[in-house]
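Heads up, the thing below is written out as C-alpha cells.
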Amino acid sequence: MTYETVKTFYTNKNIFLTGGSGFVGVSYIEKVLRSMPDVGNIFILLRPRKGQGIQERLDTIKNNSVFDVLRTSEGFDELLNKIKPVCGDISEENLGLSDDDFKMLCDNVNIVVHCAATLDFETDLKTAVIVNLMGTKSIVELSKKIKNLQCLLHVSSAYVNSNKNYAMEKIYDAPANYNDIINYTKTMDAEKLNSGAEKIMGDHINTYTFTKALAEHVVNDARNIIRTCIVRPSMIVAAWKEPVEGWTVSKNGPQGFIMGASKGVVRRLPVNKSLIYDYIPVDVVINTMIAGTWFSAQLPDSTPTVDGQTPIFHCTTSTCNPFRWNDISSILTTTLHNYPIRGAVWYPNIKFLPNLFMYWISSAIFHFIPAYILDFVTKISGGRPILVRLHKNVNRSLSKLAPFIFNEWKFDNARTLRLQEELSVDDQSVFYIDPTSLNWTPYFINLTLGVRKYLHKEGDKTMKQALKKNFMLMLANTGVQLLVVTGIWYLSSFITGTPFLSNYWAALIVIIFGYVF
C-alpha cells in the first residue's frame with residue numbers, strides 16, 4: 001500500500017496529548033516539533049497542582065532537558081508556542097474539561113495521543129480503574145465527538161499480557177468485562193473493592209496490567225467508529241540516539257538502580273542474569289507512536305483494522321535483540337568508576353543476586369548497616385537522614401516487583417518490524433523503529449552517562465573532582481573491608497581462645513561470604 005510520507009501526513013495536524021508532562025509525553029512533544037516543525041498545535045491536558053497552575057506547569061515542561069538540542073535551533077520559541085495547555089484531569093468525568101475547551105478540541109483536533117496512566121504497580125484497584133480504565137474510556141468518548149479525527153493512538157504496555165509467556169501483537173480475551181469493573185468502582189465501597197482485588201484480577205500480576213488490559217478493549221471496541229491504534233512498549237529506558245544518546249528523566253527500571261549505584265548506596269540487586277529482560281529505548285517508542293498513527297490513519301475505509309482488530313505494535317526487544325544482564329554486568333561497575341559522580345557517598349560496587357532470599361541477607365549487611373551508620377552521622381550533623389527509609393521502601397516494593405524480576409517474557413514484534421519497511425527511505429532514518437541493530441554494551445554506557453548528567457545533574461565540569469573522590473572512596477572502602485575481615489578474625493580467635501593465625505578460617509569465611517553475597 002502506498003502512503004504519503006510521515007512528515008507530509010503530520011503537516012498542519014493538530015494533536016491532543018495526555019500525559020504530556022511525563023517521560024514519554026515530553027519525548028513525544030520534542031520529537032514531533034524537532035522532526036516535523038510544520039505540525040499544527042499540540043494541545044496537552046494538564047492538571048493544576050497545589051500552588052501551580054497549568055501555565056506554570058507548561059513552563060516547567062518547556063524547561064525540560066529534552067529540549068536542549070531543539071533549544072539551539074532557529075525558531076525554537078515559535079515551535080514551543082505550538083504547545084497549548086488545556087486544563088483538565090484524566091481521572092475526572094469528561095476529563096474535567098470546561099465546555100469551551102471540550103468544544104475547542106472537538107472542532108480542531110486531528111490526532112489524539114493517550115499516554116496518561118498511573119504506572120505505580122502498588123496502586124490500589126479503585127485508583128487504577130479510575131485513571132487507567134475510566135480515563136481511557138473518557139478519551140474514547142471525546143475522540144468519537146471530534147469532527148475531523150484521523151486517529152486515536154493509545155499507549156498501552158506489553159505487560160498487559162504478562163499472564164502469558166509469549167504474546168503476539170493482538171488483543172487477547174478480556175480478563176473481565178470492563179463495564180462491570182467500572183460499575184463496581186462507581187458503586188462499591190473502596191475498601192471492599194480493594195480487598196477483593198486479587199479475586200477480581202484473576203491471573204494478572206497487579207492492578208496496572210489488569211486495568212491496562214481492560215483499557216485496550218475499550219479502544220478496540222471503538223475501532224469501527226474511529227481509527228484506532230495501540231502501541232505496547234515494554235520497560236521504557238533512556239534514549240538510544242535522540243535527542244541525545246543516553247538522555248533520560250525517568251528513574252524507573254535500570255535508570256533508578258544505576259542512579260543509586262553511582263551514589264554508592266545501592267550495592268546489591270535481585271536479578272537473574274541469565275533471563276531475558278525486555279528494555280526499549282524511549283526514542284524507539286516515540287517513533288513507533290508516530291509511525292503507528294500514520295499507518296492506522298491511512299488504512300482504507302473498507303478495512304480500517306488489521307485482522308479485524310485495532311492495529312497493535314509491540315515496542316519490544318525480547319524476540320529480535322534480547323538483553324541479558326550477563327552481557328554487561330562485568331562492565332557496569334567499571335563504567336561507574338570511569339564516570340563517577342561528585343555526590344557519591346561511598347565507593348560504587350553493584351552485585352546481582354539470583355533470588356530474593358540471598359538479596360535479603362546481603363541487603364541487611366551491605367545496605368542497612370551502612371545506612372544506619374550514615375543516617376546517624378547525617379542526623380548529628382544537622383542533616384536529614386534518608387538512607388534507611390530509602391532501603392525500607394525498596395525492600396517493601398520488591399515483593400510487588402518480584403514477578404517482573406524473576407520471570408521471562410517474549411513479545412513478538414513482527415508487525416512492528418514490517419511497519420519499518422512501510423516507511424519511505426527518508427522516514428526510516430528519521431523515525432527508526434527497528435531495535436535489532438542496538439548494541440547493548442555501548443548503550444548502557446551511554447545510559448550511565450545520561451543518569452549522571454540528567455538525573456544527578458552533574459556535567460563534564462565535575463568529572464575531575466568526581467574521579468579524585470572516587471579514588472579516595474576506593475581507599476576508604478578497601479580499608480573498611482580489611483578492618484571487617486581482621487576484626488572478625490581477631491574476634492573468633494578471642495572467643496575460641498586459640499592463636500590468631502590458626503583462625504585463618506574465620507577470615508576465609510568472611511571473604512567467601514562477601515564474594516557470594
* Structure fact -> Matching residues in the range 263-290 (open to solvent by 10 Å² or more (accessible area, probe 1.4 Å) and of a type in the set (S, T, N, Q)) number 2
* Asked: Under the condition of being in a loop (DSSP other than H, G, I, E, B) and out of contact with any helix residue (DSSP H, G or I) (no Cβ under 8 Å at 6 or more places or on another chain), which residue from the range 41-54 is least open to solvent (accessible area, probe 1.4 Å)?
  -> GLY53
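Quick grid of which residues meet (1) free of Cβ contacts under 8 Å to residues at least 40 places away in the same chain; (2) charged (D, E, K, R); (3) assigned to a loop (DSSP other than H, G, I, E, B):
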{"site": "HIS314", "(1), (2), (3)": "no, no, no"}
{"site": "THR317", "(1), (2), (3)": "no, no, yes"}
{"site": "ASN321", "(1), (2), (3)": "no, no, yes"}
{"site": "THR334", "(1), (2), (3)": "yes, no, no"}
* Asked: Among the residues of the range 173-184, is there at least one that is over 16 Å from the mean Cα position of the chain (by Cα), in a loop (DSSP other than H, G, I, E, B), closer than 30 Å to PRO300 by Cβ and of a type in the set (Phe, Trp, Tyr)?
  -> no
* To do: Exactly one condition in (1) within 30 Å of ILE236 (Cα to Cα); (2) in contact (Cβ under 8 Å) with a residue 24 or more places away in the chain; (3) surrounded by fewer than 19 Cβ atoms within 10 Å (Cβ to Cβ) is not met by THR448; state its number.
  => (3)
* Structure fact -> The residue from VAL510, VAL430, VAL484 that alone is closer than 24 Å to TYR28 by Cβ and of a type in the set (A, V, I, L, M, F, W, C) is VAL430
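Could you check, for the range 234-253, whether at least one of its residues is among the basic types (Lys, Arg) and in contact (Cβ under 8 Å) with a residue 12 or more places away in the chain? I'd like the intermediate steps shown before the answer.
Of the residues in the range 234-253, the ones among the basic types (Lys, Arg) are 241, 251.
Going one step further and asking which of them are in contact (Cβ under 8 Å) with a residue 12 or more places away in the chain, we end up with 241, 251.
Yes, there is a match, as at least one residue in the range 234-253 is among the basic types (Lys, Arg) and in contact (Cβ under 8 Å) with a residue 12 or more places away in the chain.
Select, from LYS400, LYS410, the only residue that is in contact with a Ser or Thr (Cβ under 7 Å, 6 or more places away or on another chain), open to solvent by 70 Å² or more (accessible area, probe 1.4 Å), touching a residue at least 24 places away in the same chain (Cβ under 8 Å) and closer than 25 Å to SER157 by Cα. Show your work before the answer.
Working: LYS400 fails: in contact with a Ser or Thr (Cβ under 7 Å, 6 or more places away or on another chain).
Exactly one residue qualifies, and that residue is LYS410.
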* Residues of the range 297-328 being open to solvent by 10 Å² or more (accessible area, probe 1.4 Å) and either farther than 28 Å from ARG232 by Cβ or touching a Phe, Trp or Tyr at 6+ places or on another chain (Cβ under 6 Å) (or both), which ones? -> GLN298, ASP327
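Could you tell me whether ALA239 is assigned to a loop (DSSP other than H, G, I, E, B) and closer than 24 Å to GLY450 by Cβ? Outline the logic, then answer.
Details: assigned to a loop (DSSP other than H, G, I, E, B): yes; closer than 24 Å to GLY450 by Cβ: yes.
In short, yes.
When residues of the range 457-504 are filtered for being closer than 23 Å to GLY343 by Cβ, assigned to a loop (DSSP other than H, G, I, E, B), free of Cβ contacts under 8 Å to residues at least 60 places away in the same chain and in contact with a helix residue (DSSP H, G or I) (Cβ under 8 Å, 6 or more places away or on another chain), how many remain?
We begin by selecting, within the range 457-504, every residue closer than 23 Å to GLY343 by Cβ; these are 457-481.
From the residues that got through so far, the ones that are assigned to a loop (DSSP other than H, G, I, E, B) too are 457-459.
If we keep only those that are free of Cβ contacts under 8 Å to residues at least 60 places away in the same chain as well, we get 457, 459.
Narrowing the set further to residues that are in contact with a helix residue (DSSP H, G or I) (Cβ under 8 Å, 6 or more places away or on another chain) leaves 459.
Total satisfying the criteria: 1.
The values are calculated or read from the model by the stated rules, or taken from the named source; none is laboratory data. What you see is a predicted model, and the numbers here were worked out from it, not measured in a lab. Quick reminder, even Gly has a Cβ in these numbers, built from the backbone with ideal geometry, and neighbours come from all protein chains shown. For the accessible areas, the whole protein counts, side chains as well, though only heavy atoms, and no ligand, DNA or RNA atoms are used. Shrake-Rupley method; radii C 1.70, N 1.55, O 1.52, S 1.80 Å.
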